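Here's the structure we're looking at; comments come further down.
What follows draws every value from the coordinates through simple rules; no lab data is involved. Just so it is clear, the model here is predicted, and its values are computed rather than measured. Counting neighbours? That spans all protein chains shown, and the Cβs are built from the backbone with ideal geometry, glycine included.
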Amino acid sequence: MTDSTVQEGKQQARRTSLIHSQPVRRFMANRTAVIGGVLMLLLIAASLLSPWLARFEPQAVDVVSRLKPPSVKHWFGTDNLGRDVFSRTLNGTKISIQVGLTVALVSSAAGLVIGLYSAYYRRLDQVLMRIMDGIFAFPAVLLAMAMMAALGPNVSNLMICLSIVFTPAVARIVRSSALVVKEQTYIEAMRALGASRTRILWLHIMPGTLSPLIVQGSFVFAESIIVEAALSFLGAGIPAPMPSLGNLLSEGKQFIYNSWWMTLYPGFALILSVLAMNWFGDGLRDMLDPHARTKRKRSRKGSMNKNTSDNNNEKVSSATQASS
Amino acid sequence: MASENLLEIKALQTYFHTEAGKVSAVDGVSLAVGAGEIVGIVGESGCGKSVTAQSILRLLDEKSQASYSGEVYFEGVDLLKLSQRQMRGVRGNDISMIFQDPLSSLNPLLTIGEQITETIRSHRKFSRKNAWQEAVRLLRLTGIPAPERRVHEYPHQLSGGMRQRVMIAIALACEPKLLIADEPTTALDVTIQAQIMDLIAKLNRELGMSVLLITHDLGVVAEVCHRVAVMYAGQIVETADVATLFREPQHPYTIGLLQSIPSLDRDRTKPLQAVEGFVPALHQLPKGCRFAPRCPHADALCRTEMPLLESKGSSGSQARCWHSEALSQKEAVRHA
Amino acid sequence: MPDIAKEQLPLKPILEVNGLRKYFASKQPGSWRTKTLKAVDNVSFHLYEGETYGLVGESGCGKSTLGRTLLRLTEPTEGTALYNGKDLFSLPGKELQASRKQLQMVFQDPFASLHPRKSIGAALTEPLIIHRIGTPAERYSRVLEILRVVGLQPSHYDRLPHELSGGQRQRVVLARALILEPKLVICDEPVSALDVIIQAQILNLMKQLQQDFKLTYLFIAHDLGVVRHISDRIGVMYLGKLVEEAPTDQLFASPKHPYTRALLSAVPKSDPAGKRDRILLEGDVPSPLDPPTGCTFHPRCPLATERCRKEIPVKREVADRHFAACHLA
């Protein structure tokens, strides 16, 4: 018996090494997720390397060569002030990613704390979640615009506003998964052992909420890039001379009939980064929460003997578990 | 012989294709259920008893891409050779099945009357009105009080025992010749379990319906079954009629199983005799007898050669053990 | 508790539960009103040092709620529980945490009572960290020791719960409860999720541990065979009330309450030849939201009289150390 258990242990160790672990394999098998991840990495690399990649200062005006179509010198053409669209798009992407990342991190952190505590303390729940509901009731863009109007347009204010706007969504998700974990017997077992509330909350409940949190965070990332672009486009976001993607689109709008390149390339960059993040998020969800996906597949497969199907599935999965 | 038996399983193998390779969850099971007989299959979880039952109705085909070999004759027809369409005609018609958890087997959005009449009308030519009357009759047959009222209720309004009765009523809807009951009382309390087992015995007596009862509880087997098969790691290790199995168990696993029950009539000051270790995983089964690693009597022969299911003793029981004769003699000497 | 018990058992009660009630407010579907669900209704009993007190009853009878209330995993509605002279129900937070070192609990489902992502070693070290016991090295050796005690290998230290079988997991749960060296362990259906052979292994282990660690068990279960095997005294619960209490052998030899009799007769005998006279109970357990008047058992009781329908029976001593709450006992 001991021999076989040792062997089993070794197998297990091999299986749990990171690259071959179940979740990672599941992620790699999902093609769109991998494409999304790779795209995201490329975009981040490009924006980090923008000072070297771009051959022109994004703000450098060159009136002589204004509104030039794409060429070898200016890959994406130039705008109405002769600025290089390629450098500006690269820079815009960089700003978008900065905003997206910051907002995703801040709202995840805030949402995690709020969600956890409101799941655990019922009284606090009443207060916190009502506030969250209040924020949630406004359309994201509208609320962000109102707050930007109050705070004044600059990048850090924009990050603050967007973080506030996106926190409720995260808090809700964390709260609902924390509520599920909270009812588990092992949490009750920890209480029976005499563990303090803080300890139970952060050491035992929190890890169970991490995977939905990460997934939601990735969607917040994508969403805040869109909202940032929308706000800048409307003039309520990042102040004008800064080359954010929204600003580029807004500037290009006036010249769209003659100089399509001014809108096309920044628009493309926007679509690409949001799409990449969404694909990546989808992949993450499948990787961290395999049940959601199998359920979807199962329900698609209408079965004849519906009464028995659930039962069988359970039994079969337990049989295969027992044998694997 | 074959003509007498309603169901005859011959050398059934059920394979699953898992990441660890092809494993056989049921390995060469042969079993017969005669007309009007209650046959029990007992064993621990993972021994293959449920898979055997589900293989008979081929419920595993689609979900887990199980493959089979061997033969399962039902009234002389090999079920394993039927097409999926023909199989659907058998399920619910000639053979019905009830499961452990009645709540998940019932549709929460339909009244129980609607669920029973649906089954009746899909298998037999009944008018809507007659089907309702039939549903009430079936519910009364299963001992549900005030069935005229109950037909209009939803599953969540019923208790666990009542739900299991409804499941039995649905199973009876098409007057099956064989009822497969997969752990029908495991989720129920003892007093309710007693009611359900009584009901199954009564239906068997009065309707002459054969029952294949899958359970982990030897007590339940002793209550209602005529014959028993004990399964271990995908194989039948012993079959006998109930009285013989409890009086003269042949296989060390059966003996271990019987001795580990804290029954009401044993001396409670003595510790229970528990077999050491646990059931081997299907993909790393031992060579030779599958019970050998846990068996107190195992020797070199047991570890290398797989014993066959052979007749032992005088009372017609069969066991898969090299040493059962010697063991039962030893046992007899100890008692004498 | 009368004096007779104390004379025969020279031990002192380690836990005295008096008049324990636990009510839940239950919202009615489609109505604004709430109903009171009396999960535990005026239960009193004593636990003596070193004994095993079995609590049996069908699902929904309140036996699990009773166990959880004693550890204040839910707050009681009324009553006292004196543990070594201190009322557990009025302990302030700090002392309550400290008391949990001596009162431990083992849960039914070995799959759910371990954190799925924490290794066995981490799960067993946790109680020591919570109560600030020992240095990391001492904790490690203590965990290895307790693993050995419950029959596991040191190699299990780094395993995750899903890599273990049900029986092994329940051993881990036992180890986690015992590592703090408690006096009283409340076992809530500790073996009912296990196969019969594994169940026998765990029962034997629990008996062994009781001797080695001088434990007192409150053993909650629905399986009468299991309870009979392990308990010294047994209490039978029905709809939140303790209807009968007696030393094990006496309870099985001469049950006084009709419910106990029916319960005993419903247990399948593992001897097909043996004659049994079954008392088949009619119907189901009534909803605890709408308990019957008088004796709560009267609608199912074959012996019920007019008095049973009106008057609530009081628990009284019907034989030596044998209590029943029945007018007819």
**Study point:** Within 10 Å of each Cβ in B:121-127, the average number of Cβ atoms from other chains
**Key:** 0
Check your understanding: Other chains near B:209-221: what is the mean number of their Cβ atoms within 10 Å of each residue's Cβ?
Key -> 2
Review point. Taking Rh as the Kirkwood radius, which is the inverse of the mean 1/r over Cα pairs, what is the Rg/Rh value for chain C?
Key: 0.98
Check your understanding: Once label points are set 7 Å from the Cα along Cα→Cβ at both residue A:45 and residue C:77, what is their separation, rounded to one decimal in nm?
Key -> 6.7 nm
Exercise for review: May I have the convex hull volume per residue, in Å³, for the Cα set of the stretch A:55-173?
Suggested key: 123 Å³
Check your understanding: If you take all C-alpha pairs in the protein assembly as shown, what percent of them are over 48 Å apart?
Key -> 38 percent
Check your understanding: Packing-wise, with mean Cβ within 10 Å as the measure, how do B:161-168, A:33-40 rank, highest first?
Key -> B:161-168, A:33-40
Study note, to complete from the structure: Per principal axis, largest first, the Cα atoms of the stretch C:182-287 extend in Å by 43, 34, 27
Practice item. Let me know the number of lysine pairs in chain B closer than 19 Å at the Cα, not counting same-chain pairs under 8 apart. Key: 10
Review point. Over the Cα atoms of the stretch A:40-301, Rg to Rh with Kirkwood Rh, two decimal places?
Key: 1.09
Practice item. Measure nothing fancy, just the Cα-based angle from helix B:128-141's long axis to the longest principal axis of chain B, in degrees from 0 to 90, nearest 10. Key: 40 degrees
Review point. Which values, in whole Å and largest first, are the semi-axes of the equivalent ellipsoid of the stretch B:201-336 obtained as the square root of 5 times each eigenvalue of the Cα gyration tensor?
Key: 25, 19, 16
Review point. Can you give the net charge of the other residues whose Cβ lies under 11 Å from the Cβ of residue B:41, counting K and R as +1 and D and E as -1?
Key: 0
Check your understanding: Excluding residue A:104 itself, what net charge comes from residues whose Cβ is under 13 Å from its Cβ, given Lys and Arg +1 and Asp and Glu -1?
Key -> -2
Revision key, fill the gap. A student applying the Cα gyration tensor rule (rounded when a/c is under 1.5; otherwise prolate if a/b is larger than b/c, oblate if not) would label the stretch A:98-162 oblate
Check your understanding: Looking at this model, which pairs from C:27/C:118; C:35/C:86; C:63/C:101; A:182/C:101; A:182/C:22 are more than 29 angstrom apart at the alpha-carbon?
Key -> C:27/C:118; C:35/C:86
Review point. Where nothing but the Cβ of Lys and Arg (+1) and of Asp and Glu (-1) is charged, how large is the charge dipole of the stretch A:40-301 around its Cα centre, in debye to the nearest 20?
Key: 900 debye
Practice item. Quick one: compute a quarter of the convex hull surface over the Cα atoms of chain B and quote it in nm². Key: 18.8 nm²
Study note, to complete from the structure: When all Cα-Cα pair distances of the stretch A:131-209 are considered, the percent exceeding 18 Å is 55 percent
Exercise for review: Return the average number of partner chain Cβ atoms within 10 angstrom of each residue Cβ along peptide B:82-91.
Suggested key: 1
Check your understanding: Given a Förster distance of 56 angstrom, what is the FRET efficiency for residue B:110 paired with residue A:64, based on the Cβ-Cβ distance and rounded to 0.05?
Key -> 0.10
Point to revise | Near-label residues of the stretch B:1-41 by backbone N, under 20 Å of a point 7 Å along Cα→Cβ of residue B:284 | key: B:16-26
Study note, to complete from the structure: Nearest-0.05 FRET efficiency for residue B:10 and residue B:315 at R0 = 25 Å, using Cβ-Cβ distance, is 0.60
